[in-house]
Amino acid sequence: MSKILALDYGDKRIGVAISDPTGTIASTLATLENKGINRVIVTLKDLCQEHSVAKIVIGVPCGLSGRETEQTVKTRDFINKVQEVVVAEIVEVDERFSSVLAEKQLVDRDGKVDKSQIDANAARLILQDYLDRENN
C-alpha cells in the first residue's frame, strides 16, 4: 500500500514523517539538513521511491492572524520546486504551533529538549493531524 510523507520545512532543517500503510499512524522518519534545494529534492525523490509514497503533506506556516509571513513565502517556494520533480500528490496544511508542540513533547525529566528531534516530531504531528481528519 502507498504511504503518506509529511514535511516540516525550515531554513536549516526539514522534519520528515511517514504514515503506516493503512494511513492511521504517523511516525518520525528523519531530519534532513537543508543544504540546498537540489540535495533536498534528490533525498525526497529517494524517500518517495523507497517508501512507496503517493502523497506528501507539507506544513505551511501562517501568522497568528492567518496572514502569510516570510516563512510562508519560503515554504510555498519550496513546495513549487518539489511539485516540479516529485510525482506524489502534494497537500498543504496549516502548521501553526507544530514546532512548539513538538518541542513540548520532547522535554525530558530534567527539562532539557532533544533539539535534533524537534523537526521530525513536528512533521509527525502535522501528519497525524492530517490522518486523523482524513479518517473521521
Determine which single condition residue 66 fails, assuming it passes every other condition in (1) small (Gly, Ala, Ser); (2) buried (at least 19 other Cβ atoms within 10 Å of the Cβ); (3) out of contact with any helix residue (DSSP H, G or I) (no Cβ under 8 Å at 6 or more places or on another chain). (2)
For region 110-135, which positions are of a type outside the set (Gly, Ala, Ser) and at pLDDT below 85? 110, 112, 113, 114, 115, 117, 118
Working only within region 5-27, note down all residues that are farther than 16 Å from residue 117 by Cβ and in a strand (DSSP E or B). 5, 19
All but one of (1) surrounded by fewer than 20 Cβ atoms within 10 Å (Cβ to Cβ); (2) outside any strand (DSSP E or B); (3) of a type in the set (A, V, I, L, M, F, W, C) hold for residue 30; state the number of the condition that does not hold. (2)
Just checking, does region 92-103 include any residue being assigned to a loop (DSSP other than H, G, I, E, B), modelled with pLDDT under 90 and more than 11 Å from the chain's Cα centre (by Cα)? yes
For region 58-76, the count of residues that are part of a helix (DSSP H, G or I) and either of a type in the set (Ser, Thr, Tyr) or under 15 Å from the mean Cα position of the chain (by Cα) (or both) equals 5
Out of (1) touching a strand residue (DSSP E or B) at 6+ places or on another chain (Cβ under 9 Å); (2) on the phi < 0 side of the Ramachandran plot; (3) loosely packed, with under 13 Cβ neighbours inside 10 Å; (4) of a type outside the set (Ser, Thr, Tyr), the odd one out for residue 73 is which? (1)
For region 34-57, which positions are under 13 Å from the mean Cα position of the chain (by Cα) and charged (D, E, K, R)? 55
State whether one or more residues within region 34-47 are assigned to a strand (DSSP E or B) and modelled with pLDDT of 95 or more. no
Under 6 Å between Cβ atoms, at least 6 apart or on separate chains: pull out the pairs that start in region 15-35 with a residue that is within 14 Å of residue 132 (Cβ to Cβ) and end on any residue that is surrounded by fewer than 21 Cβ atoms within 10 Å (Cβ to Cβ) and hydroxyl-bearing (Ser, Thr, Tyr). 17/28
List, please: which pairs have Cβ atoms under 6 Å, are six or more places apart or on different chains, and start with a residue in region 65-92 that is under 28 Å from residue 51 (Cα atoms) and end with one that is in a loop (DSSP other than H, G, I, E, B) and hydroxyl-bearing (Ser, Thr, Tyr)? 75/9; 78/9
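The values are calculated or read from the model by the stated rules, or taken from the named source; none is laboratory data. Everything numeric here is computed off the predicted structure, so don't read it as measured data. All Cβ positions, even for glycine, are placed from backbone atoms using ideal geometry, and neighbour counts span all protein chains on display.
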